[in-house]
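Take a look at the structure set out below.
The values are calculated or read from the model by the stated rules, or taken from the named source; none is laboratory data. Remember, predicted model here, so these are calculated numbers, not experimental data. Quick reminder, even Gly has a Cβ in these numbers, built from the backbone with ideal geometry, and neighbours come from all protein chains shown.
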2 protein chains.
Amino acid sequence: MRLSRYFLPVLKETPGDAVVVSHQLMLRAGMIRQTAAGIYAWLPLGLRVLKKIEAIVREEQDRAGAIEVLMPTIQSAELWKNSGRYDAYGPEMLRIKDRHDREMLFSPTAEELFTTIFANGARSYRDLPKNIYQIQWKFRDEVRPRFGVLRGREFLMKDAYSFDLDFDAARHSYNRMFVAYLRTFQRMGLHAIPMRADTGPIGGDLSHEFIVLAPTGESDVFYHRNWESARDLTVDADDAHALAGFVDGLNADYAATDEKRDEAAEAAAGDAILQSKGIEVGQVFYFGDKYTKAMGVTVQGADGQAVTPLMGSYGIGVSRLIGAIIEASHDKDGIVWPEAVAPYKVALINLRADDTACREAADALYGQLEAAGVEVLYDDRDERGGTKFATADLIGVPWQLIVGPKGVAAGTVELKRRGGDREDVSVDAAMARLTG
Amino acid sequence: MRLSRYFLPVLKETPGDAVVVSHQLMLRAGMIRQTAAGIYAWLPLGLRVLKKIEAIVREEQDRAGAIEVLMPTIQSAELWKNSGRYDAYGPEMLRIKDRHDREMLFSPTAEELFTTIFANGARSYRDLPKNIYQIQWKFRDEVRPRFGVLRGREFLMKDAYSFDLDFDAARHSYNRMFVAYLRTFQRMGLHAIPMRADTGPIGGDLSHEFIVLAPTGESDVFYHRNWESARDLTVDADDAHALAGFVDGLNADYAATDEKRDEAAEAAAGDAILQSKGIEVGQVFYFGDKYTKAMGVTVQGADGQAVTPLMGSYGIGVSRLIGAIIEASHDKDGIVWPEAVAPYKVALINLRADDTACREAADALYGQLEAAGVEVLYDDRDERGGTKFATADLIGVPWQLIVGPKGVAAGTVELKRRGGDREDVSVDAAMARLTG
């Protein structure tokens with residue numbers, strides 16, 4: 001993409017209403033604009049990152065055997081009255097009346113709708129296990145939306161719902177998502193710790209939050225220092241016994257949110273217990289027959305008797321993840337994207353857009369990189385080099401490839417990792433590095 | 001994908017409330033389920049088609065130089081009061097009050113928000129031309145939602161907004177989208193005719209609807225018989241003069257919706273004028289400074305003076321397109337997908353799931369097709385052959401590859417185009433045909 005044709009409204013000044021660094025940098029880097037309290041427009045650069053994150057989440061859900069669907073954002077209140085949650089949910093639910101005065105709502109989560117869709121399509125024990133997911137915008141009418149996408153009102157969420165015939169199978173589904181979540185966050189360069197957590201309005205008796213440690217986090221968290229190092233996630237998720245052992249092994253190291261602290265466990269671990277702030281990027285729940293029973297959902301068991309399926313649900317805050325990644329990965333000059341979620345791999349900088357030789361050399365490099373399938377943002381604007389470097393640093397692209405008059409004369413370019421030093425290399429060497 | 005692990009709730013009976021064939025077939029083929037009046041859940045098969053269509057729309061928008069963003073679904077009423085449309089829009093707008101009693105709405109279109117976002121990021125004539133688009137769910141509270149996704153309330157729409165410095169440039173943007181739309185529909189196997197159309201609540205003085213002819217269409221349309229044949233769309237869209245000549249050439253053949261009929265033009269063309277019903281799948285508008293002027297948006301011109309940008313907007317009904325394609329392409333057994341939008345390319349049918357040799361042969365073919373990157377739905381269920389054929393015909397996958405005991409013994413498989421005849425071929429020949 002040529003920057004002269006792009007839409008990248010970067011800001012020199014930090015907007016005064018943004019108090020956390022991810023919010024500041026997303027505004028400054030032209031990724032988002034607030035359009036109402038806690039509601040954001042995604043500009044081209046922000047949308048690219050959102051799609052990268054969404055793609056990783058989708059790949060790991062698919063790999064775990066979950067099947068993608070898409071539910072509408074607007075739901076009938078009837079559905080929520082059937083489960084008994086309509087009155088219970090409180091003012092975070094955005095309630096709506098349509099032109100015929102029917103009660104509707106903007107989905108804050110979708111246990112009821114997925115249960116209904118499942119019941120409509122599954123009749124027999126042979127249709128289970130089933131795990132169905134969507135990546136869709138949700139709305140929660142937060143009383144004080146803040147911190148940009150970390151606590152917005154309209155946000156993108158992956159939500160999955162598993163249906164199983166008995167507790168062991170349901171626990172296997174839970175464990176499968178548990179590991180899929182750890183893989184998902186690891187692929188994004190995030191170190192997320194699974195912590196015993198409160199179940200809140202979803203309900204049930206087992207839940208883990210996945211927490212990224214950050215001083216700006218809203219949650220107080222407590223964990224064993226073993227969690228400071230990354231874990232090897234190699235396990236055969238199809239082997240229920242091996243997977244259960246693996247997950248139990250992970251959870252043997254204490255980690256809990258404020259609501260689920262266990263004083264005895266903390267005392268036993270002594271000064272191995274650390275305290276920090278964290279950002280929740282995902283949460284998994286097991287709640288058994290809470291919804292299927294309330295909504296009268298059964299399938300025919302192998303013995304012909306009706307069985308009430310047991311459920312879990314599994315959420316990832318897709319848009320929130322962007323904020324969490326920036327909180328974990330930035331410096332004084334801007335964002336430092338992990339390569340897997342970077343909006344572009346390379347910022348190609350022409351230092352002298354008014355110089356024919358420079359322009360031709362940069363155009364040629366741009367063509368070569370595009371032809372090789374490298375995602376490149378080409379700063380072809382008629383601006384000073386300093387402005388271009390500042391923009392490239394701010395938006396955090398992993399590589400900078402710099403074309404200037406001296407290099408063009410010598411047949412070289414400058415190559416630089418975000419935050420590293422510039423290095424004079426031949427054009428061929430630069431291409432080999434960027435396409436390898 | 002193995003059908004035994006998929007979620008494909010096909011229906012044998014046609015639901016009584018579905019009156020048009022696309023609605024009937026989308027329900028029967030397990031693509032969608034209604035969750036409230038005019039609101040649908042997209043099941044796995046439907047979502048796959050939706051994504052194929054979305055991808056084609058996106059590619060053609062990108063190719064035409066438009067830049068993708070994503071706006072929130074929930075907007076502030078303030079924005080619409082600024083343009084004067086809040087009161088004018090009528091009961092199709094879903095109006096909402098949040099917990100602080102602020103007036104919000106679910107976006108039915110987004111001229112105001114795109115104008116605001118543009119104004120926030122563009123300062124100078126050098127930032128123009130700009131065409132910004134999104135593919136996002138919209139809500140229009142239809143008084144009588146009907147015909148499935150053809151007239152739903154929550155629907156997926158691509159909407160683009162162009163900003164130009166003068167009329168010639170704005171007209172060039174309009175023409176560029178005009179041709180991009182024809183290419184988009186052509187790639188989906190649809191013959192869409194551009195017709196002079198009324199501008200409705202968007203406003204402006206120039207508009208075309210893109211209409212797919214279908215007896216179940218809601219629009220009465222009138223067009224020259226020259227429109228019955230497909231057009232060659234080869235033109236250099238960067239050459240404003242050539243493009244204008246090309247578009248004028250197309251429009252020389254009369255075509256108009258009911259509201260824009262020209263009796264003199266029809267009389268002159270005599271019996272070359274045909275009348276039909278049609279489904280609108282896209283609409284383009286030129287409305288000059290209607291929104292930029294009302295909202296006080298200017299950029300600095302080359303001479304330092306403020307210039308009010310001229311706008312157009314351009315919509316495609318992404319979810320509606322699925323209904324239009326099915327209306328245009330089905331037979332008594334089910335859907336007949338054009339290959340570009342088919343959910344899978346191949347239905348692999350094992351006639352004898354209980355036979356070891358058949359299962360091994362079918363498993364091997366499945367592995368080979370997946371490895372070759374062919375999108376294949378593998379019917380590995382323990383069902384009768386007749387049921388499997390009926391399902392494959394209903395969901396309209398372009399190819400069927402059939403594995404049975406006789407063929408396995410002889411080293412052959414049966415290959416069949418949807419609606420064609422079965423043909424005995426060697427496994428190698430089948431693979432060559434499907435991967436070629």
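Would you be able to say whether some residue in the range A:372-384 is crowded, with 18+ Cβ neighbours inside 10 Å, in a helix (DSSP H, G or I) and at pLDDT 95 or above? No; the residues of the range A:372-384 include none that is crowded, with 18+ Cβ neighbours inside 10 Å, in a helix (DSSP H, G or I) and at pLDDT 95 or above. Yes or no: the range A:7-28 includes at least one residue that is without any contact (Cβ under 8 Å) to a residue 24 or more places away in the chain and touching a Phe, Trp or Tyr at 6+ places or on another chain (Cβ under 9 Å). Within the range A:7-28 (the criterion being without any contact (Cβ under 8 Å) to a residue 24 or more places away in the chain and touching a Phe, Trp or Tyr at 6+ places or on another chain (Cβ under 9 Å)), the answer is no, since none of the residues qualifies.
Yes/no matrix, rows are residues, columns are (1) over 30 Å from residue B:88 (Cβ atoms); (2) among the β-branched types (Val, Ile, Thr):
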| site | (1), (2) |
| --- | --- |
| B:135 | no, yes |
| B:178 | no, no |
| B:186 | yes, no |
| B:230 | yes, no |
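This table checks each residue for (1) free of Cβ contacts under 8 Å to residues at least 60 places away in the same chain; (2) surrounded by 21 or more Cβ atoms within 10 Å (Cβ to Cβ).
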{"residue": "A:92", "(1), (2)": "yes, no"}
{"residue": "A:95", "(1), (2)": "yes, no"}
{"residue": "A:101", "(1), (2)": "yes, no"}
{"residue": "A:106", "(1), (2)": "yes, yes"}
{"residue": "A:118", "(1), (2)": "no, yes"}
{"residue": "A:126", "(1), (2)": "yes, no"}
{"residue": "A:142", "(1), (2)": "no, no"}
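Given the structure, is residue A:248 among the charged types (D, E, K, R) and either at pLDDT 95 or above or more than 30 Å from residue A:146 (Cβ to Cβ) (or both)? Can you show your working first?
Details: among the charged types (D, E, K, R): yes; either at pLDDT 95 or above or more than 30 Å from residue A:146 (Cβ to Cβ) (or both): yes.
In short, yes.
Within the range B:208-226, being touching a helix residue (DSSP H, G or I) at 6+ places or on another chain (Cβ under 9 Å) and more than 19 Å from residue B:318 (Cα to Cα) holds for B:215, B:220, B:221, B:222, B:224, B:225, B:226.
Among residues of the range A:238-249 that are free of Cβ contacts under 8 Å to residues at least 12 places away in the same chain, those with a Cβ under 7 angstrom from a residue that is surrounded by 12 or more Cβ atoms within 10 Å (Cβ to Cβ), sequence gap 6+ or separate chain, pair up as A:242/A:235. Evaluation of residue A:323 against the conditions (1) touching a strand residue (DSSP E or B) at 6+ places or on another chain (Cβ under 7 Å); (2) surrounded by 22 or more Cβ atoms within 10 Å (Cβ to Cβ); (3) closer than 30 Å to residue A:107 by Cα shows that the sole unmet condition is (1).
Going through the range A:385-398 one residue at a time, which ones are within 16 Å of residue A:423 (Cβ to Cβ) and out of contact with any helix residue (DSSP H, G or I) (no Cβ under 6 Å at 6 or more places or on another chain)? Outline the logic, then answer.
First pass over the range A:385-398, keeping only residues within 16 Å of residue A:423 (Cβ to Cβ): A:389, A:392, A:398.
A:389, A:392, listed by residue number.
Summed over the range B:1-26, residues that are within 11 Å of another protein chain (Cβ to nearest Cβ) and of a type in the set (A, V, I, L, M) total 4.
When the range A:50-72 is examined, which residues are found to be of a type in the set (A, V, I, L, M, F, W, C) and out of contact with any strand residue (DSSP E or B) (no Cβ under 8 Å at 6 or more places or on another chain)?
A:53, A:55, A:56
Set side by side, the residues B:83, B:107 differ, and just one is within 30 Å of residue A:90 (Cβ to Cβ) and either hydroxyl-bearing (Ser, Thr, Tyr) or out of contact with any Gly (no Cβ under 7 Å at 6 or more places or on another chain) (or both), which is B:107.
Any residue at all in the range A:206-225 that's outside any strand (DSSP E or B), under 23 Å from residue A:167 (Cβ atoms) and in the same structural domain as residue A:146 (by TED's automatic domain parsing)?
Filtering the range A:206-225 for residues outside any strand (DSSP E or B) gives A:214-218, A:225.
Checking the rest, the ones that are also under 23 Å from residue A:167 (Cβ atoms) come to none.
No, because not a single residue in the range A:206-225 is outside any strand (DSSP E or B), under 23 Å from residue A:167 (Cβ atoms) and in the same structural domain as residue A:146 (by TED's automatic domain parsing).
Within the range A:98-109, none of the residues are of a type in the set (A, V, I, L, M) and more than 29 Å from residue B:39 (Cβ to Cβ).
Considering the range B:115-129, the residues that are at pLDDT 95 or above and in contact with an Asp or Glu (Cβ under 8 Å, 6 or more places away or on another chain) include one that is farthest from the other protein chains (Cβ to nearest Cβ), namely B:128.
Just the residues that are small (Gly, Ala, Ser) and at the interface with chain A (Cβ under 10 Å from one of its Cβ atoms), please, taken from the range B:130-155. Don't jump to the end; show me each part of the working.
If we filter the range B:130-155 for residues that are small (Gly, Ala, Ser), which is where we start, we get B:148, B:152.
Passing the criteria: only B:152.
You will find that of B:425, B:397, B:408, the residue that is part of a strand (DSSP E or B) and of a type in the set (A, V, I, L, M) is B:425 and no other.
When residue A:330 is tested against (1) modelled with pLDDT of 95 or more; (2) not assigned by TED's automatic domain parsing to the domain that holds residue A:277, only condition (2) is not met.
Quick one: would you say residue A:122 is within 26 Å of residue B:381 (Cβ to Cβ), in contact with a Lys or Arg (Cβ under 9 Å, 6 or more places away or on another chain) and either among the charged types (D, E, K, R) or in contact (Cβ under 8 Å) with a residue 60 or more places away in the chain (or both)? For residue A:122, the condition - within 26 Å of residue B:381 (Cβ to Cβ), in contact with a Lys or Arg (Cβ under 9 Å, 6 or more places away or on another chain) and either among the charged types (D, E, K, R) or in contact (Cβ under 8 Å) with a residue 60 or more places away in the chain (or both) - is met.
Looking at the range B:60-80, is at least one residue without any contact (Cβ under 8 Å) to a residue 40 or more places away in the chain, within 30 Å of residue B:346 (Cβ to Cβ) and more than 7 Å from every other protein chain (Cβ to nearest Cβ)? Scanning the range B:60-80 turns up at least one residue that is without any contact (Cβ under 8 Å) to a residue 40 or more places away in the chain, within 30 Å of residue B:346 (Cβ to Cβ) and more than 7 Å from every other protein chain (Cβ to nearest Cβ). Can you tell me how many residues within the range B:277-317 are surrounded by fewer than 16 Cβ atoms within 10 Å (Cβ to Cβ) and part of a strand (DSSP E or B)? Of the residues in the range B:277-317, 3 are surrounded by fewer than 16 Cβ atoms within 10 Å (Cβ to Cβ) and part of a strand (DSSP E or B).
Within the range B:89-114, being facing chain A (nearest Cβ under 8 Å) and outside any loop (DSSP other than H, G, I, E, B) holds for B:94, B:96, B:104, B:106, B:113.
Every listed requirement among (1) crowded, with 21+ Cβ neighbours inside 10 Å; (2) in contact with a helix residue (DSSP H, G or I) (Cβ under 6 Å, 6 or more places away or on another chain) is met by residue B:72 save one, (2).
Here the range A:38-49 is the region considered, the condition is being out of contact with any strand residue (DSSP E or B) (no Cβ under 6 Å at 6 or more places or on another chain) and at the interface with chain B (Cβ under 9 Å from one of its Cβ atoms), and the residue that is surrounded by the most Cβ atoms within 10 Å (Cβ to Cβ) is A:43.
Among (1) surrounded by fewer than 23 Cβ atoms within 10 Å (Cβ to Cβ); (2) within 17 Å of the chain's Cα centre (by Cα), there is one condition residue A:31 misses while meeting the rest; what is its number? Just one mismatch for residue A:31, condition (1).
For the range B:202-215, the set of residues classified as modelled with pLDDT under 85 and not aliphatic (A, V, I, L, M) consists of B:203, B:204, B:205, listed by residue number.
Yes/no matrix, rows are residues, columns are (1) surrounded by fewer than 21 Cβ atoms within 10 Å (Cβ to Cβ); (2) farther than 25 Å from residue A:3 by Cα:
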| position | (1), (2) |
| --- | --- |
| B:132 | no, no |
| B:136 | yes, no |
| B:148 | no, yes |
| B:168 | yes, no |
| B:177 | no, no |
| B:184 | no, yes |
| B:188 | no, yes |
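Please specify each residue of the range A:309-348 satisfying the condition of being touching a Gly at 6+ places or on another chain (Cβ under 9 Å) and farther than 24 Å from residue A:155 by Cβ. Before the answer, list the steps.
To start, the set of residues in the range A:309-348 that are touching a Gly at 6+ places or on another chain (Cβ under 9 Å) comprises A:310-317, A:319-331, A:333-343.
Hits for the range A:309-348 are A:310, A:331, A:333, A:339.
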